[in-house]
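Here's the structure, in structure tokens; my notes come after.
The values are calculated or read from the model by the stated rules, or taken from the named source; none is laboratory data. Predicted model, so just to flag it, every value in this text is computed and none were measured. Here the Cβ positions follow ideal geometry from the backbone for every residue, glycine too, while neighbour counts run over all protein chains shown.
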Amino acid sequence: MSDRILPPAPLPAPRAPVRWAIALSSALLRFERGVLTALMTLLVLLILLNVVTRYSGIPIYWVDEAAVFTMVWLTFVGASVMTRLRMDFAVGLVSDQLPPRGAKAMKVLATFGVLVFALALVWMCWVWMDPRGIAAAGFNAKDYAEASFNFLYTEHTQTLEWPTWVIQLILPIFSLSLTVHAIANLFEELEVCPRIVHPGFDVVSADAVN
């Protein structure tokens, strides 16, 4: 009698908190896709505007700074997306040499490490931006800076003259989105829910990019 390879048993239906986490991550991923498209379009337009105005002899001085800030936001939003799609960088020198159970344990541990990092980043952003402190100061940036020596809310960008805290909002946004995606990835790695396919993202591995 020849050996037969049985298909893996279907996973049990996930509990409500797991379903909510996966649904939230999927909705966030779809939103991030639209944000990525908008930011990439804006970046291209800013660069083209910069080239045209410079060659025309009437350069617009704030375009360079706007392009830099657009690239910063694009990088963080893209990093969040890559985390959910598991396209972030990884070193497989150890996990590639392990048996399947060991490799699976390493993936769970790595995903848990991403979650710990994301939660630590959330806490650091909370301490840094200190929303309770600025609210206690009546949202008066000068009074808050004098009391806390935190000058985040008094600084402005060089050419656009935007408040720097507006630009730096991407850090707490990224930390929260990274937390949501890390939780969803951890649930899938623990096999408490099936791994889902994300429509609209044709590139699902770093090898496909190359």
I want to confirm something. Restricting to region 37-66 and keeping residues that are assigned to a helix (DSSP H, G or I) and of a type in the set (S, T, N, Q), which single residue is farthest from the chain's Cα centre (by Cα)?
Thr53
Index of the failed condition, Glu161 passing every other in (1) among the charged types (D, E, K, R); (2) farther than 30 Å from Lys107 by Cα; (3) part of a helix (DSSP H, G or I):
(3)
Name the single residue, out of those in region 122-152 being among the polar types (S, T, N, Q) and more than 26 Å from the chain's Cα centre (by Cα), that is nearest to Trp162 (Cα to Cα).
Asn140
Would you point out the residue of region 67-110, among those that are part of a loop (DSSP other than H, G, I, E, B) and surrounded by fewer than 11 Cβ atoms within 10 Å (Cβ to Cβ), that is modelled with the highest pLDDT?
Pro99
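Every residue, every condition in (1) buried (at least 16 other Cβ atoms within 10 Å of the Cβ); (2) at pLDDT 95 or above; (3) among the hydroxyl-bearing types (Ser, Thr, Tyr), yes or no:
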{"residue": "Cys125", "(1), (2), (3)": "yes, yes, no"}
{"residue": "Pro131", "(1), (2), (3)": "no, no, no"}
{"residue": "Ile134", "(1), (2), (3)": "yes, no, no"}
{"residue": "Asn140", "(1), (2), (3)": "no, no, no"}
{"residue": "Ala145", "(1), (2), (3)": "yes, no, no"}
{"residue": "Asn150", "(1), (2), (3)": "yes, no, no"}
{"residue": "Glu155", "(1), (2), (3)": "no, no, no"}
{"residue": "Thr159", "(1), (2), (3)": "no, no, yes"}
{"residue": "Ser175", "(1), (2), (3)": "yes, yes, yes"}
